[in-house]
């Protein structure tokens, strides 16, 4: 009985120890779509899809589409999700009135202090 | 004993559906359990549900998708335990096998989301032979646990996954009215779904089924119960990170014709159910439900209570 009690206490004590989070050093962002310099017709969708994989727990990610000439933010969506990997999958309809190079940017949050891993692909949106 | 089996048979089997949705697989179905009779039996059983869909070309980022065919199959182990006259608990352990075929075949399978339910019997006089009209009704509440896999790296068709990743809440009401060997029953259920870890929330789901049946006692051991009826199912749209998911394959309604056959033999019962869509509007008509079929086998164990 005493042995069971001791083992139970030891088990609880071990369980109570806070698991140390591994610092993220390596993040791999992969685009399945679009590919670089894809041409998007007017009112067709830019389809941003791919994966993010890290060697530790990430603090979320953001997918943004940016007008490369003036820096205007055309679309953004932030996911506040703690995980080691994600599938990202976003859509934006090309409603631009001029031929525009658009940056598709994916940023993964390595920690809560603003350290990020970033990958970009440029596509051409036609009016 | 046979009557209790039959009551279970009529009620539980008759409107027992896991159907619901468009092309969303078991993960996001409207889980409605069906009537729980106040029979004196515990039960164990298994059932398989096959749902067949076709998806038509939908705009993609760079063009159009191929027409695809989907078969969503869920094989559930079912157990029920009776607690007193008025309460029962049930559990469903699904194994999901989802297949999609377009230019290639994609297969996803694994343990689905386990469901546990408690039911309260608010009326039951089906054993009362002195009554012309007999009725029975149950109200149930339950929870679906996120035991099935929702995330798979590099695979973003969430409707294909065995699990929803969310804890969902289920409510259902069943009522049956019987006159001699004729009867009718209704089962309605609502599933409230929550957001999962990855900020994806499947749409809530509603299902209601009305059937009419006839009980045919073939001999002392065999009872046949054919049923005909209708079913209406509605799924609300999914939300991703709080907004409607553009890439969702969910949302819409189906109006089904229902034909069922139940066969009772001693402590066993066999169930065959067929759902044929009469009218539907799924995912802005890009998805077409072709049919749903379910077969099941149950074994009854006498309760001491």
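What follows draws every value from the coordinates through simple rules; no lab data is involved. What you see is a predicted model, and the numbers here were worked out from it, not measured in a lab. Please note: Cβ atoms are built from the backbone with ideal geometry, for glycine as well, and neighbour counts cover all protein chains shown.
The table below lists the values:
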{"item": "Looking only at the stretch A:47-74, and only at residues there that are without any contact (Cβ under 8 Å) to a residue 40 or more places away in the chain and not in a strand (DSSP E or B), the one that is nearest to the other protein chains (Cβ to nearest Cβ)", "result": "A:72"}
{"item": "Qualifying residue in the stretch B:211-218 (condition: in contact with a strand residue (DSSP E or B) (Cβ under 7 Å, 6 or more places away or on another chain), crowded, with 16+ Cβ neighbours inside 10 Å, in contact (Cβ under 8 Å) with a residue 60 or more places away in the chain and part of a strand (DSSP E or B))", "result": "yes"}
{"item": "Of the criteria (1) surrounded by 14 or more Cβ atoms within 10 Å (Cβ to Cβ); (2) more than 14 Å from chain B (Cβ to nearest Cβ); (3) over 23 Å from residue B:151 (Cβ atoms), which one residue A:119 fails", "result": "(3)"}
{"item": "Residue within the stretch A:75-88 that is more than 10 Å from chain B (Cβ to nearest Cβ) and either in a strand (DSSP E or B) or in contact (Cβ under 8 Å) with a residue 60 or more places away in the chain (or both) present", "result": "yes"}
{"item": "Total residues in the stretch A:89-115, condition in a strand (DSSP E or B), over 14 Å from the mean Cα position of the chain (by Cα) and more than 14 Å from chain B (Cβ to nearest Cβ)", "result": "3"}
{"item": "Qualifying residue in the stretch B:150-159 (condition: within 14 Å of another protein chain (Cβ to nearest Cβ) and touching a helix residue (DSSP H, G or I) at 6+ places or on another chain (Cβ under 6 Å))", "result": "no"}
